[in-house]
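Below you'll find the structure, written out as C-alpha cells, and then a few comments.
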Amino acid sequence: MKLIDTSVLINWLRKEELREGCISIITLIEILRGVPAHKRREVKPALEEIYVIIPLDNEVIQEYCNLYEALKRRGIKISDADLLIAASAKAKNLTLVTADKSFERLREFDVKIEIE
C-alpha cells in the first residue's frame with residue numbers, strides 16, 4: 001500500500017482523481033487548513049472514508065526521532081511536517097508517493113519514495 005503525500009493529494013483533488021491509499025494525519029490537517037471553514041465538516045469525513053488515516057502512534061514517533069537524529073548528524077534539515085509524513089511511511093512499511101523531490105534524499109535512510 002502507499003502513503004500519499006499532501007502534494008500528490010492536492011493534485012488528485014484538483015483533477016477529481018482520487019485513488020486508494022493511506023494518508024498521514026499531517027496530510028489530513030494540511031488539506032483541511034486549505035478548505036474553507038464551512039466545508040471542513042464535509043471534506044474531513046469524505047477523506048476519512050476514501051483513505052486510511054495513519055495516526056501519530058508510538059511507531060511513527062520513534063521512527064520520527066530516529067530519522068531526525070540521523071538527519072541532524074548529517075546536517076540535513078527537513079520540516080517537521082515532512083519528516084512526520086516520511087516517518088509514517090517508514091514506520092508502516094509504506095511507499096511514500098510525493099511530487100516533492102526533496103523527499104528523495106530520505107531514500108538513503110530506507111524510506112521508500114515514489115515521485116509522481
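Sum up the lysine pairs in the chain that clear both bars: alpha-carbon distance under 26 Å and a spacing of 8 or more or different chains.
Qualifying lysine pairs in the chain: 26.
Report the paramagnetic label zone for ASN66: residues of the range 93-116 whose backbone N is under 17 Å from a point 7 Å from Cα along the Cα-to-Cβ axis.
Inside the label zone: 93-96, 106-113.
Mind running the shape call on the range 8-47? Use the C-alpha gyration tensor, a ≥ b ≥ c as the square roots of the eigenvalues: rounded below 1.5 for a/c, prolate if a/b tops b/c, oblate otherwise.
Values: a/c = 1.67, a/b = 1.34, b/c = 1.25.
Because a/c hits 1.5 or more and a/b exceeds b/c, the range 8-47 counts as prolate.
Using the Kirkwood formula on the Cα atoms of the range 2-115, what hydrodynamic radius do you get, in angstrom to one decimal? List each step's numbers first, then the result.
Numbers: mean 1/r = 0.0696 Å⁻¹.
Hydrodynamic radius (Kirkwood, Cα pairs) of the range 2-115 is 14.4 Å.
With an 8 Å cut-off on Cα pairs and a minimum separation of 6 or more residues, tell me the relative contact order of the chain in percent.
On the way: 143 pairs, mean separation 36.8, N = 116.
It comes to 32 percent, rounded to a whole number.
Rule-based calculations on the coordinates, nothing more; no lab input. Note that the structure is a prediction, hence the values are computed from the model and not measured. Because the Cβ atoms are built from the backbone with ideal geometry, glycine has one as well, and the counts that use them run over all protein chains shown.
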